[in-house]
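Visitor: Take this structure, written in structure tokens, and hold onto it; I'll ask about it next.
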Amino acid sequence: MKALIQRVSEASVKVENKTISSIGQGLLILLGIQNDDNEDDILWLSGKIARLRIFGDENGIMNKSLQEIKGEAIVVSQFTLHASTQKGNRPSYSKAAKPEIAIPLYEGFVKQLELDLQKKVGTGVFGADMKVSLINDGPVTISIDTKNKE
């Protein structure tokens, strides 16, 4: 699994001009799933994101987690995170999981993040044409890959 997380002061997702998720302070998480991802990836990634200390403390130092600030989150499926640009100019998405594999893992990740945060998590609509808006706070944008665990 790959996640691109963005610390936001606000974010929203629209499908067919209808807002389906919106948050204030928290994280917008773009989530890419590949064929060999599993429950272990879900548990590790959700825990890492929930506890990642990237929010300011009383001294303005990035020392607090999403859990600690009781922030919000939106998770948006993003197969293009697995784009390979090795050959030519048209990206290949062969590493991205097909919907029958990706949807249950995506839904499992959302449920696990809700458990880790002890609150509802917003989502996009898997496979839909979405319009994602955000105000990136910082900006702080971090890429996490469960295969590298960096």
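Visitor: Mind checking which residues of region 43-67 are surrounded by 15 or more Cβ atoms within 10 Å (Cβ to Cβ) and in a loop (DSSP other than H, G, I, E, B)?
Guide: L52, I54, S65
Visitor: Among the residues in region 96-106, are any in contact with a His (Cβ under 7 Å, 6 or more places away or on another chain) and either at positive phi or open to solvent by less than 20 Å² (accessible area, probe 1.4 Å) (or both)?
Guide: The answer is yes; a qualifying residue exists.
Visitor: Moving to a separate point now. Contact list please: Cβ distance under 9 Å, first residue in region 22-35 and among the basic types (K, R) and surrounded by fewer than 24 Cβ atoms within 10 Å (Cβ to Cβ), second residue outside any strand (DSSP E or B) and modelled with pLDDT under 95, pairs at least six apart or on different chains.
Guide: none
Visitor: In region 107-150, how many residues are touching a Gly at 6+ places or on another chain (Cβ under 7 Å) and either assigned to a loop (DSSP other than H, G, I, E, B) or more than 13 Å from V75 (Cα to Cα) (or both)?
Guide: Residues flagged as touching a Gly at 6+ places or on another chain (Cβ under 7 Å) and either assigned to a loop (DSSP other than H, G, I, E, B) or more than 13 Å from V75 (Cα to Cα) (or both) within region 107-150 amount to 1.
Visitor: Next up: In this structure, is T19 of a type in the set (S, T, N, Q), within 17 Å of D145 (Cβ to Cβ) and either out of contact with any Asp or Glu (no Cβ under 9 Å at 6 or more places or on another chain) or in a loop (DSSP other than H, G, I, E, B) (or both)?
Guide: no
Visitor: Pull out all pairs, ordered by first then second residue, where Cβ-Cβ is under 7 Å, the residues are six or more apart or on different chains, the first lies in region 82-102 and is at pLDDT below 90, and the second is open to solvent by 100 Å² or more (accessible area, probe 1.4 Å) and hydroxyl-bearing (S, T, Y).
Guide: Here the result reads none, with nothing in region 82-102 linked to a residue that is open to solvent by 100 Å² or more (accessible area, probe 1.4 Å) and hydroxyl-bearing (S, T, Y).
Visitor: Across region 95-150, what is the total count of residues that are among the basic types (K, R), closer than 22 Å to D37 by Cα and touching a Lys or Arg at 6+ places or on another chain (Cβ under 9 Å)?
Guide: So the count comes out to 2.
Visitor: Then there is this: What about K14, is it over 24 Å from A128 (Cα atoms), of a type outside the set (F, W, Y) and open to solvent by 80 Å² or more (accessible area, probe 1.4 Å)?
Guide: no
Visitor: Next up: Show the residue pairs that are 6+ apart or on different chains and have beta-carbon atoms under 7 Å apart, the first residue being within region 111-127 and open to solvent by 20 Å² or more (accessible area, probe 1.4 Å), the second being in a helix (DSSP H, G or I) and among the hydroxyl-bearing types (S, T, Y).
Guide: Listed pairs, sorted by first residue: Q112/S46; D116/S46; F126/Y106.
Visitor: Being surrounded by fewer than 18 Cβ atoms within 10 Å (Cβ to Cβ) and part of a helix (DSSP H, G or I) is the filter here; which residues of region 68-95 pass it?
Guide: E68, I69, T80
The values are calculated or read from the model by the stated rules, or taken from the named source; none is laboratory data. Keep in mind that what you see is a predicted model, and the values were worked out from it rather than measured. Note: ideal-geometry Cβ built from the backbone for every residue, glycine included; neighbour counts use all protein chains shown. Accessible surface is based on the protein model in full, side chains and every heavy atom, while ligands, DNA and RNA are left aside. Shrake-Rupley method; radii C 1.70, N 1.55, O 1.52, S 1.80 Å.
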